[in-house]
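Below is one structure, written out as structure tokens; comments come after it.
Here, each number is a calculation from the coordinates, and none is a lab measurement. If you're wondering where the values come from, they're calculated on a predicted model, not measured in any experiment. When we count neighbours, we look across all protein chains shown, and the Cβ atoms used for this are built from the backbone with ideal geometry, even at glycine.
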Amino acid sequence: MKLKEIEKILGAEIITGAELREKNIEMACGSDLMSDVLSFMKSESLLLTGLTNLQVVRTAEMSDLAAVCFVRGKKPDREIIEMAESKNIPLMTTPLPMFESCGRLYQEGLSGCSEYKR
């Protein structure tokens, strides 16, 4: 699924990385525990989270994630945006809660990290 499709499904706003709207997203997972992200998420995934701190971008970089979507309308501060821009990691925000965001994406055919098989 393309990032632009996720943007539409979630009614999201792309904060940084708009030029990457054509980027393909293989799967998505929702978590506020960055230790779980490091342990269970696969590369090229979309992370949905309610956390807005630098650790989210650092974790996304270490895990080779495709993009990060902040749920519940949360918006990162300038420092987080600048770090994501420097790492070429798209950031977006949706007004939807995490449960509904994950559900909408799953319903539209995006796999979760536990189901994805290469």
Q: With a/c under 1.5 counting as rounded, go ahead and sort the range 27-80 into rounded, prolate or oblate using the C-alpha gyration tensor (a ≥ b ≥ c being the square roots of the eigenvalues; past the cut-off, prolate if a/b is larger than b/c, else oblate).
A: prolate
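With a 10 Å Cβ neighbour count serving as the proxy for reagent exposure, in which order, fewest first, do 21, 78 appear? If you can, show how the numbers build up before the last one.
Details: 21 14, 78 7.
The most exposed by this proxy come first: 78, 21.
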**Q.** residue 74 long-range amide H proximity, modeled H, under 5 Å
**A.** 94
Q: Would you mind calculating the relative contact order of the range 59-109 from Cα pairs under 8 angstrom and at least 6 residues apart, reporting the percent as a whole number?
A: 42 percent
Q: Measure out, as a whole number of angstrom, how far apart the alpha-carbon centroids of the range 62-97 and the range 1-24 sit.
A: 11 Å
Q) With θ set to phi - 60° and the Karplus curve 6.51 cos²θ - 1.76 cosθ + 1.60, what are the ³J(HN,Hα) couplings of the range 64-69 in order, to the nearest whole Hz, using x for Gly and Pro? A) 6, 6, 7, 6, 10, 10
Q. By its C-alpha gyration tensor, with a ≥ b ≥ c as the square roots of the eigenvalues, how is the chain shaped: rounded for a/c under 1.5, else prolate for a/b larger than b/c, else oblate?
A. rounded
Q) So what's the back-of-envelope 222 nm ellipticity for the chain, counting only DSSP H runs of four-plus at -39500 (n - 2.57) apiece and dividing by all residues, rounded to 500? A) -10500 deg cm²/dmol
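Calculate how many DSSP beta bridges within the chain are antiparallel, expressed in % of all such bridges and rounded to the nearest 5.
Values: 4 of 17 bridges.
In the chain, approximately 25 percent of DSSP beta bridges are antiparallel ones.
So what is the relative contact order for the chain, in percent, with contacts set as C-alpha pairs under 8 Å and at least six apart? Before the final figure, lay out the partial values.
On the way: 231 pairs, mean separation 38.0, N = 118.
Dividing the mean separation by the residue count of the chain yields 32 percent.
Using a simple charge model, +1 on the beta-carbon of Lys and Arg, -1 on the beta-carbon of Asp and Glu, nothing else, what dipole does the range 15-118 show about its Cα centre, in debye to the nearest 20? Please list the in-between numbers first.
Numbers: 12 positive and 15 negative charges, 26 e Å.
With only Lys, Arg, Asp and Glu charged at Cβ, the dipole is about 120 debye.
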